[in-house]
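J.: Next up is a structure, given as structure tokens.
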Amino acid sequence: MKRKQGYFLLSEWVVIDQETFMLLTQKETNYQRIILSAQLLYLSKRCRVFQLRRMQRADGELLLDMFLQLSPETLQKRFMRPYFHFNEETAREHVSRLWIAKAEKEYIVLATIQGGTREQVIGVGELLYSGNPTGPADIGLLVRDDYQREGVGTKLVQDLAQAASARGITHWKADTEAGNTAVWKLARKLGNLYKSNTSFGQTEMFGTF
């Protein structure tokens with residue numbers, strides 16, 4: 001990978017963040033054609049390349065692979081169910097639930113990497129909305145253990161916020177374990193966190209985008 005005039009060039013890909021992308025596409029630049037035609041990629045805090053894209057019907061096996069790799073700690077933080085774990089049957093059920101939700105009123109974004117000859121899913125962001133712009137949209141986030149604390153969750157949250165804005169959604173709601181500081185930090189990146197309720201070890205957060 002080499003750096004040229006402020007951009008990281010990785011073979012035919014341009015590795016920049018969303019803010020830089022928006023600035024560059026509004027300016028005349030020798031690299032504009034490359035940036036506009038390239039797939040937008042990101043660098044994690046450990047300089048590992050990943051991308052964000054919408055979930056597709058063919059992603060079932062990729063999601064299944066990710067779910068079966070998640071630790072009990074990560075699953076408990078996401079689903080708030082003690083001793084919860086995925087086996088192949090329950091993981092497939094969750095993949096089906098995601099697709100059904102997407103077909104109804106849910107925006108789902110995936111963070112993926114190119115692992116050898118096959119794409120791998122390392123994160124999932126969910127925006128579930130009722131169709132009523134004044135009602136809060138439910139936010140869900142899940143990042144594979146080996147990519148946590150690398151900025152993947154932040155990019156997923158930023159993408160969900162943009163999707164909400166495009167749909168006229170102004171309020172969000174998220175549930176998490178009480179004391180999950182990582183989720184609190186990500187929640188504040190969604191916008192204004194104006195209320196939270198904690199009961200029986202679980203916290204419900206409310207905010208605006």
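J.: Only one of (1) buried (at least 19 other Cβ atoms within 10 Å of the Cβ); (2) under 21 Å from residue 161 (Cβ atoms) fails for residue 67. Which number is that?
T.: (2)
To keep it simple, each residue is scored yes or no on (1) aliphatic (A, V, I, L, M); (2) surrounded by fewer than 16 Cβ atoms within 10 Å (Cβ to Cβ); (3) modelled with pLDDT of 95 or more; (4) in contact with a Pro (Cβ under 9 Å, 6 or more places away or on another chain).
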position	(1), (2), (3), (4)
81	no, yes, no, no
86	no, no, no, no
96	no, yes, no, no
100	yes, yes, no, no
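J.: For the range 158-209, enumerate the residues that are among the small types (Gly, Ala, Ser), surrounded by fewer than 17 Cβ atoms within 10 Å (Cβ to Cβ) and under 16 Å from the mean Cα position of the chain (by Cα).
T.: In the first step, residues of the range 158-209 are kept if they are among the small types (Gly, Ala, Ser); the result is 161, 163-166, 168, 174, 178-179, 182, 187, 191, 196, 199, 201, 207.
Within this subset, residues satisfying the condition of being surrounded by fewer than 17 Cβ atoms within 10 Å (Cβ to Cβ) are 165-166, 168, 178-179, 182, 196, 199, 201.
Result: 165, 182.
J.: In this structure, is residue 75 at pLDDT 90 or above, of a type in the set (A, V, I, L, M, F, W, C) and over 14 Å from residue 114 (Cβ atoms)? Break it down into steps so the answer makes sense when it comes.
T.: On the way: at pLDDT 90 or above: no; of a type in the set (A, V, I, L, M, F, W, C): yes; over 14 Å from residue 114 (Cβ atoms): yes.
Criteria not met by residue 75.
J.: Only residues that are under 30 Å from residue 115 (Cα atoms), buried (at least 20 other Cβ atoms within 10 Å of the Cβ) and in contact with a helix residue (DSSP H, G or I) (Cβ under 7 Å, 6 or more places away or on another chain): list them for the range 125-156, please.
T.: Those that are under 30 Å from residue 115 (Cα atoms), buried (at least 20 other Cβ atoms within 10 Å of the Cβ) and in contact with a helix residue (DSSP H, G or I) (Cβ under 7 Å, 6 or more places away or on another chain): 125, 127, 139, 141, 142, 143, 144, 153.
The values are calculated or read from the model by the stated rules, or taken from the named source; none is laboratory data. These numbers come from a predicted model, not from an experiment. A quick note on method: Cβ atoms are made from the backbone with ideal geometry, for glycine too, and the neighbour counts reach across all protein chains shown.
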